[in-house]
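The values are calculated or read from the model by the stated rules, or taken from the named source; none is laboratory data. Source: prediction; values computed, not measured. With ideal geometry, Cβ positions are generated from the backbone for all residues, glycine too; neighbour counts draw on all protein chains shown. In case anyone asks, the SASA skips ligands and DNA or RNA and just uses the protein heavy atoms, side chains included. Shrake-Rupley method; radii C 1.70, N 1.55, O 1.52, S 1.80 Å.
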Amino acid sequence: MKQAHHTITVSTRGPGLYEFTDAAIDFVHDAEIQDGLLTCFIRHTSASLVIQENADPDVCKDLRDFFAYLATSGPRFRHTTEGPDDMPSHIRSALTQTSLGIPLHKGRLALGTWQGIYVFEHRDAPHRREVALHLAGE
Amino acid sequence: MKQAHHTITVSTRGPGLYEFTDAAIDFVHDAEIQDGLLTCFIRHTSASLVIQENADPDVCKDLRDFFAYLATSGPRFRHTTEGPDDMPSHIRSALTQTSLGIPLHKGRLALGTWQGIYVFEHRDAPHRREVALHLAGE
Amino acid sequence: MKQAHHTITVSTRGPGLYEFTDAAIDFVHDAEIQDGLLTCFIRHTSASLVIQENADPDVCKDLRDFFAYLATSGPRFRHTTEGPDDMPSHIRSALTQTSLGIPLHKGRLALGTWQGIYVFEHRDAPHRREVALHLAGE
């Protein structure tokens, strides 16, 4: 078995989805592993990961707006010291993913035709988000 | 280390949960691996995966109805070209899982007594949903 | 490749987040594996897993209260035989995680500075929750 590790940085400019599918594919190719499991792990709790449609950009906008609405539809928050957008960001992160596992078979990730891998930024200010990538296989 | 790959197809007939626990167990048995990690990955963004109780069928109906309500409780959608049920499907998919990792130990998956693995179909029309299975272990 | 399996039990006293980061780190150290993938899998459908901020305890309280609100904001439930808190628990479980994958590199989990791993208990009565841990690597 071989393993490869890499960390990519995704620069964000406010709430929304930032695709990094190509960076994940490049990492897999460079690792020279044909069959195995790719894990993507985001090292933050106010940004998260999702796999979504990368055909129509309106899907990403509708997702951003829905989660903005959802996280502020409930009770008032105690945790406000880091700004009014911080606690809704933790909620949106808990509602989506911190880690994703994607099988790799014969050199191709199992992603469907229209599936893209995204960082879902939840905070208003620009951030640099670290995603740890790990591949184990042969 | 050994690896096994397989893709199963789950036929759906409208929104709801479709169990495929037995197909996953069969795949594990056929792979002749005793200890490792099973990954289930759905190759779609308008259907998803969940592990839920498989004792009382009402749990699945309540889950279906709750997510139907939730995804349409917010702002109006831009992405409507694929039908009024498409964008709510992407949202329900983002709120649940695209991939699941389940440890395998001494030939048994770590599933609890009442845990079943389900495709959660979100679209109204019948679909054939592909779930990629990957097992790595010894 | 080496593998290690372990099951930890987390005792809960009502809805909220119960951190077990230290138990996961101890398991990794005892396994004497430096590079690989840690999988955490909860063997229940009315409790779940989340990775969240472990700096300000108010974040956990706000998460608990938000999910309590969210799961009861929709339609009435059919599944009430196990108590009024049971079906909302399944919903909160479906909205968060059953499994988490965390890369391990040079003896350190990829967790960010403020990331903690939590059991998210959703039921009112005290429970003992089993989390299966699996580590594969070298």
at residue C:22 the sorted inter-copy label distances (label 7 Å from Cα on Cβ side), in nanometres, are 4.6, 4.6
Share (percent) of C-alpha pair distances in region A:60-113 greater than 14 Å works out to 65
Expressed in angstrom, Rg and Dmax over the Cα atoms of region A:16-66 are 13.5, 39
In Å², rounded to a whole number, the accessible area per residue of region C:1-58 with probe 1.4 Å is 40
Inter-part gap, Cα centre of region C:31-74 to Cα centre of region B:71-105, in whole angstrom, is 20
Placing one equal point scatterer on each C-alpha of region C:1-133 and summing with Debye, one gets log10 I(q)/I(0) at q = 0.12, 0.22 Å⁻¹ equal to -0.49, -1.31
Sorting C:26, B:65, B:85 on solvent-accessible surface, 1.4 Å probe, most exposed first, gives C:26, B:65, B:85
With a 19 Å threshold on alpha-carbon distance, the violating pairs from A:106/C:2; B:2/C:106; A:106/B:2; C:2/C:106; B:106/C:2; A:61/B:61 are A:106/C:2; B:2/C:106; A:61/B:61
Measuring from the longest principal axis of the C-alpha atoms of chain C, the long axis of helix C:21-31 (C-alpha) lies at a number of degrees, nearest 10, equal to 30
In terms of the alpha carbon gyration tensor, root eigenvalues a ≥ b ≥ c, rounded if a/c is under 1.5 and otherwise prolate when a/b exceeds b/c or oblate, the protein assembly as shown is rounded
Sorted shortest first, the nm distances from the residue B:126 label point (7 Å along Cα→Cβ) to its counterparts in the other copies are 5.3, 5.3
Carbon and sulfur atoms account, in whole percent of the 1.4 Å probe accessible area of region B:37-114, for 50
So, with points 7 Å from each Cα along the Cβ direction, the residue C:21-residue B:125 label distance in nm works out to 4.7
So, over other residues within a Cβ distance under 14 Å of residue A:131, counting Lys, Arg +1 and Asp, Glu -1, the net charge is -2
Per-residue ellipticity at 222 nm attributable to helices in chain B (runs of n ≥ 4 DSSP H, -39500 (n - 2.57) apiece, nearest 500 deg cm²/dmol) works out to -8000 deg cm²/dmol
Note, residue B:63: beta-carbon cut-off 13 Å, +1 each Lys/Arg, -1 each Asp/Glu, net -3
In nm, the gap between the two label points placed 7 Å beyond Cα toward Cβ at residue A:7 and residue C:78 is 4.9
On protein heavy atoms with a 1.4 Å probe, the accessible surface that disappears when C meets B, both sides summed and given to 100 Å², is 2800
